[in-house]
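Data block below; observations after.
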Amino acid sequence: MNRRLFGLIFLLGIVFGCKDKPAPTAASASPGPSGSGAPTAEKPKPGKELNLFAWSEYVPQEVVDGFSKETGIKVNYETYASNEEMLSKLLAGGTNYDLIQPSEYVIEALVKQKKLAPIDWSLVPNFKNIDPKLKGLPHDPENKFSVPWMTGTVGIVVNTDKIKDPIKGYKDVFQKKYKGRIVSLNDSREMVAWALEASGLKSNDITTENLAKVKPMLAEWVKLVKVFDSDSPKTAFLNGDVDIGVVWSGEAALLYQNNKKFAYILPEEGAHLFIDSLAIPDSAPNKVGAMMFMDYILKPEVSKLISEKFPYTNPNLEARKLLTPEQLANPASYPPAGERETFRDIGKISSEVDKLVTDLKASN
Amino acid sequence: MAKKLSGMRLVNLLLGGWSGLVFLFLYIPIILLIVYSFNSSKMAIVWEGFSFKWYTALGHEIADHVSGTKRSPLVESAINSVIIASIVTVFSVILGTAGAWLLYRYKFPALRSITTLVYIPMIIPEIIMGISLLIFFKSVSLTLGFTTVIISHITFCFPFVLIAVQARLAGVDPALEEAAMDLGATPMKALFLVMVPYMMPAIISGGLMAFTLSLDEVIVTYFTRGPTSETLPLRVYGLAKVGLSPILNTISAVFIAVTVALTVAAESVKGLNK
Amino acid sequence: MTPTAGLPDTQGAQRAPGLRGWLLMAPLLAWLGAFVVAPTLIMLVYSFCDRDELGQVVFTFSWSNYARVFDPTYLKILLKSVYYAAITTAICLVVGYPVAYWVGRAPERVRNKLLALIMIPFWTSFLIRTYAWMTILKSEGPLNSLLLYLGMISTPLDILYTPTAVVIGLVYSYLPFMILPIYGSVEKLDNALVEAAFDLGAGPVRAFSNVIAPLTRPGIVAGVMLVFIPAIGMFAITDLMGGARVPMIGNVIQNQFGQARDWPFGAALGMTVLLLFAATFWLTTKKDPSAT
């Protein structure tokens, strides 16, 4: 082995080792006043860097760049592909993140464990743009900890070229005649929720008895599914491998944009709403910067950029005014209004839910 | 005599044919990937038409990034991945080769246990390794960043080198080393001038494996990275949600084309094989 | 009397380590200690803990996690994972050995290039490669189109999202890790021995089984280890190419740190797999490591 080459690479190693000496996460004088204290007369200064921990591709690069330009704060955008991934790194003691993007039931759990920092609304005046119907929900009843980012539903997509029968609910999807042509989210909690709703129970009513009640129905359903996919269920549709399924509304919207033959139907037995929001972990080094970011993305013109990339339901009413008629007409992005439940934190029984679906899958 | 020769030649021909088929098998998805890099649709999986647009887009992105005009996370993560993988390979090769040699040279009661320990990073599920390394780094107050990623990668890469070199050492003729020392070489010289060249094919195999493993690792990297140390596979995983963009195929196609060209064109690097 | 009987005994090179030996081994031992043993111990501790609402550990001692490991579902899943790993290893061995042999006997100047060319496809992202395979194998994909065009089939083959697709994906991913270690052993084969076998009248089959295979055995064993062991824990390929219909032990463990919110149980499962391996390895390895 060439010694000179080795020495050079060794040096490179040291150089890169030095590259990540702790970034200046030293928040300024006052890292964000707590909710209970009186707001200071002088505007608190943010730190120089912001560690954003969010869903991949949920934050368009233009938004990040725009924020940096306006405030001079450098944004480090780290990504994850599921709530659980985010949670596991956060809890295992990851880098101090300033912003995370949990779904509603995770926020509930984090609030219970006192892991979120309350927001000082004086720094986030644009919060007024958010749809009032999305405020005061069970996971954050006093609107202390979160700013809605995008909301959506979970519903049925049908390739109307292939399937002409009317599809109204979960029971219509999971029929023997569609065996091998169905896609489902790879999410045990979701599947259990659908089974509960199809059985006339509430989707959050997860108890051992109820799990036993829906087990036979779920067992049948699992046998009929061709693909389980939470990351990109649209792939199976676009490849022509499935004709019907239950997926996230964002996926459905992308399918609809691709071809209007992909219809989106909200199950009549009951559909739930999900809300992904921005929240600030308790250990965040740059809380002020985080709140500034929240205010920034609540601006209508910025929120519009997010909708363009991600056709979920935009919670920002002012931003909705800026969307094109075509975007607003997408039935998956803006379904008919209705009372829908959100997921609550179910705590430890989540492991029973997981075991149930694992069992059913394994016995196939 | 002619019978034997043609027999061997036939066998060689068959082996060559089989190997050709296997190479084809290995490159089929690559060929598809290259074809789809010319896809005009913005979702990689749906073919819409032929277009160079992703190549021009990538070209612009690279140019902008290199000239400092506009930072491209995609290009940056690709560069990070290659640098990390290179450093990891060097250290894995050193650690693995030295380890294999020492475990071959010395005999002591704990030998079997140590060998078992070497296999552990291969069997341990990645998520467990990722989380436990994260906890470990936190407990020794090591900031997450390139260093932690490199350390984690070395940990699961070097066993591959070690095992490959060990296999090469098994059955080596000890006379090889003895002869060198008989001729006046010091043990160190004998090691470097005789044994290392002997081990070289396995070192190269191991090095290639280590590089590959590091370049494409996701789960452990996810847990041990810092906010500024993104790698290409992590980036790709994120993009799957919106639908893999053909630009990923483009960057892969370019990468493959460059590496294959370099490989084929390279002068025979070492005469150390024999 | 096997042809290899006359080859020198390899034990002679070993001796007990003196101070110098231990010093030389120190970096290896230190690395193992810090980054393998320590994290494993952390997980071991976790596996005996209880969990809280978020799934994290609460430090109270309990055997309950290990008791749950022995639930028939999980044992069945573990067996299935081992089964898939075994099939993959077997196919890789049969498919890969001839390639390793051919590369090993190729002219010197091309050997390293060939090795590199074998690896280069795997320098693309796993996800991209796998999606490429899915595109090829799907019912409207090139493979089916080709077979339909050639008239070999009348309706598209249902390959994607079946175990067949999973095995294809697995073999594809692990093949280089079988070829490269075997190459290491093949490369040093003395041509004279092979020719001698032919001279003595052995056909290719006997030459292989009596001469080549035993001499390349360490490489074969290494290849098997480097494929079989990682393959047991794999889950991403079943998720993508198998449509996530069949859970593997890797999936189950992943879920414990995810949706199931049960880190201690995940740790226990992981530990069990690890211990099973360690025990098997320990018992099947003789104290003498050079005779693998």
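Where nothing but the Cβ of Lys and Arg (+1) and of Asp and Glu (-1) is charged, how large is the charge dipole of chain B around its Cα centre, in debye to the nearest 20? Intermediate values should be presented prior to the final figure.
Numbers: 18 positive and 13 negative charges, 70 e Å.
Around 340 debye, computed over chain B.
Only the Cβ atoms of Lys and Arg (+1) and of Asp and Glu (-1) were treated as charged; on that basis the dipole of the range C:76-247 about its Cα centre amounts to roughly 240 debye. Where the alpha-carbon atoms of the range C:76-247 are placed on the principal axes, they occupy 53, 41, 30 Å, in descending order. Here is the size of the range A:92-149 from its Cα atoms: Rg then Dmax, 11.9, 35 Å. Taking the Cβ of A:Gln257 as the center, what net charge do the other residues with Cβ under 14 Å away carry, scoring Lys and Arg +1 and Asp and Glu -1? Summing Lys and Arg as +1 and Asp and Glu as -1 gives +1. Counting pairs of alpha carbon atoms under 8 Å apart in space and at least six apart in sequence, what relative contact order in percent does chain C give? Once normalised by length, the contact order is 29 percent.
Ignoring aspartates and glutamates fewer than eight residues from B:Lys53 along the same chain, the ones with Cα atoms less than 13 angstrom from its Cα are B:Glu61. Tally Lys/Arg at +1 and Asp/Glu at -1 over every other residue whose Cβ is under 14 Å from the Cβ of C:Ile120; what's the total? Net charge around C:Ile120: +1. For the protein assembly as shown, a simple Cβ point-charge model (Lys and Arg +1, Asp and Glu -1, everything else neutral) yields a dipole of about 1680 debye relative to the Cα centre. Rg over Rh for the range C:208-270 works out to 1.25, both radii taken from alpha-carbon positions and Rh defined as the Kirkwood radius. Placing dummy labels 7 Å off each Cα toward the beta-carbon, the span from A:Glu301 to C:Leu200 is 8.6 nm. Its Cα gyration tensor gives chain A an equivalent ellipsoid, and the semi-axes of that ellipsoid, as √(5λ) in whole Å with the largest first, are 38, 25, 22.
Helix B:73-105 and the longest principal axis of the C-alpha atoms of chain B enclose an angle of approximately 10°. Seen from B:Val46, the other residues with C-beta closer than 12 Å to its C-beta sum to a net charge of +1, counting Lys and Arg as +1 and Asp and Glu as -1.
Principal axis analysis of the Cα atoms in chain C yields extents of 72, 70, 34 Å, listed in decreasing size.
Testing the spin-label approximation: label points 7 Å from Cα along Cα→Cβ at B:Val196 and C:Phe59. State their distance in nm. Here the answer is 4.6 nm between the modelled labels. With a Förster radius of 45 Å applied to the C-beta separation of A:Lys69 and A:Asn364, the computed FRET efficiency comes to 0.30. Toward the positive end of the charge dipole of the protein assembly as shown, with +1 on the Cβ of Lys and Arg and -1 on the Cβ of Asp and Glu, the farthest Cα among B:Gly206, A:Asn239, A:Val64 is that of B:Gly206. Working note: 222 nm ellipticity from helices only, DSSP H runs with n ≥ 4, each -39,500 (n - 2.57), summed and divided by the residues of the protein assembly as shown, gives -17500 deg cm²/dmol to the nearest 500. The B:Lys138 and A:Lys309 beta-carbon pair, evaluated with R₀ = 25 Å, returns a calculated FRET efficiency of approximately 0.15.
Longest span of chain B, sites excluded, free of GluC sites (Glu not before Pro) in DSSP loop with at most 16 other C-beta atoms within 10 Å?
Excluding the exposed sites themselves, the longest stretch runs over B:49-266.
Projecting the Cα atoms of B:Leu117, B:Thr231, B:Leu10 onto the dipole axis of chain B, where Lys and Arg carry +1 and Asp and Glu carry -1 at the beta carbon, places B:Leu10 farthest toward the positive end.
With a Förster radius of 60 Å applied to the beta-carbon distance between B:Thr186 and C:Tyr83, the computed FRET efficiency rounds to 0.70. With all pairs of different C-alpha atoms in the average, the Kirkwood value for the hydrodynamic radius of the range B:77-132 is 13.5 Å. Normalised by the number of residues in chain A, the mean separation of alpha-carbon contacts (under 8 Å, six or more apart) gives a relative contact order of 26 percent. One chain, two ends: B:Thr69 and B:Ala257. Fully extended at 0.36 nm per residue, the span grows by 65.0 nm beyond their Cα-Cα distance. Specify the angular offset, from 0 to 90 degrees and rounded to the nearest 10, of the alpha carbon long axis of helix B:126-139 from the longest principal axis of the alpha carbons in chain B. On a 0 to 90 degree scale, this one is about 90. Entry note: the protein assembly as shown has Rg to Rh equal to 0.98, where both radii use alpha-carbon atoms and Rh is the Kirkwood radius. Of C:Ala244, C:Gly201, C:Leu226, which is farthest along the charge dipole of the range C:76-247 in the positive direction, counting Lys and Arg as +1 and Asp and Glu as -1 at C-beta? My answer, from the dipole projection, is C:Ala244.
The alpha carbon centroids of the range C:169-244 and the range A:234-254 are separated by 41 Å. List the pairs from A:Lys69/B:Lys42; A:Lys309/A:Lys355; A:Lys171/A:Lys261; A:Lys179/A:Lys215; A:Lys89/C:Lys138 whose alpha-carbon separation is above 25 Å, in the order I gave them. Over 25 Å Cα-Cα: A:Lys69/B:Lys42; A:Lys309/A:Lys355; A:Lys89/C:Lys138. Cross-link partners for C:Lys188 among the aspartates and glutamates, with Cα-Cα distance under 14 Å and sequence neighbours closer than 8 places in the same chain left out: B:Asp173, C:Glu108.
Just so you know, all these numbers are worked out from the coordinates, no wet-lab data involved. Just so it is clear, the model here is predicted, and its values are computed rather than measured. Glycine also receives a Cβ, built like all others from the backbone with ideal geometry; neighbour counts cover every protein chain displayed.
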